[in-house]
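Below: one structure, written as structure tokens.
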Amino acid sequence: MAILSVSEASRRWRLGRSNLYRAINSGRLSLSARPDGTKGLDTSELVRVFGEPSHRTTANVPPMSGDDSPASEPDDREQPRTPSPVNLLQAQVDQLSAQLEQANEREARLLAMLEGEQQTRRDLETRLLPAPAPRPAPPGKGRLWALVILLLATLALAGWHWRDAVMAALAP
């Protein structure tokens, strides 16, 4: 295909030259050598990266040829009216606002889904946990009294036993 200069490619594809240079520097586009030794952009590379040139501008640009003759200036009468930069920026602001609103709605929906999933997980975890072991009842007053009585009975029995042992030792 034909090799175009950066400015000619900029006109045909309605792109700024800085965009083309940025694509060249990032490696998305590659420069090709012309027969005269200068460098330019191959139209196949431009189509690959940026797509076909818009039809509005190709009517005003001479057809691509193998030679690199300079393009004539487009006729202002044939060129369609382009929207003003303010209108373009306003349309872009409207589009970005709509995208932001959609993103916020998506975020709210995803947060609600996440909260629902977390609640479901908590419910399942509580169902899967074993029942807590019953705690032993704290010792009541009745049990305490039973222990005191048992202690007194043990002391009394021991006292009788020691009394008999002491009496047997003292008896002649």
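FYI, it's all coordinate maths here, none of it is from the lab. Since the model is a prediction, treat every value here as computed from it, not as a measurement. Cβ: placed from backbone, ideal geometry, glycine included. Neighbour counts: every protein chain shown.
Below is a table of values for the structure above.
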quantity	calculated
Additional length obtainable on full extension of the chain from residue 7 to residue 162, 0.36 nm per residue less Cα span	43.4 nm
For 125, 45, order by how many other beta-carbon atoms lie within 10 Å, fewest first	125, 45
Per-pair calculated FRET efficiency, R0 = 45 Å: residue 169 and residue 145 via Cβ, rounded to 0.05	0.80
Extension reserve of the residue 97-residue 49 stretch, reckoned as 0.36 nm per residue once the Cα distance is removed	14.5 nm
Per-pair calculated FRET efficiency, R0 = 41 Å: residue 115 and residue 22 via Cβ, rounded to 0.05	0.40
Value in Å of the Kirkwood radius, where region 84-127 supplies the Cα pairs that are averaged	13.0 Å
Semi-axis lengths (Å, descending) of the ellipsoid that matches the C-alpha gyration tensor of region 3-58	17, 13, 10
Estimated distance in nm for a label pair at residue 32 and residue 124, the labels positioned 7 Å out from Cα along Cα-to-Cβ	5.9 nm
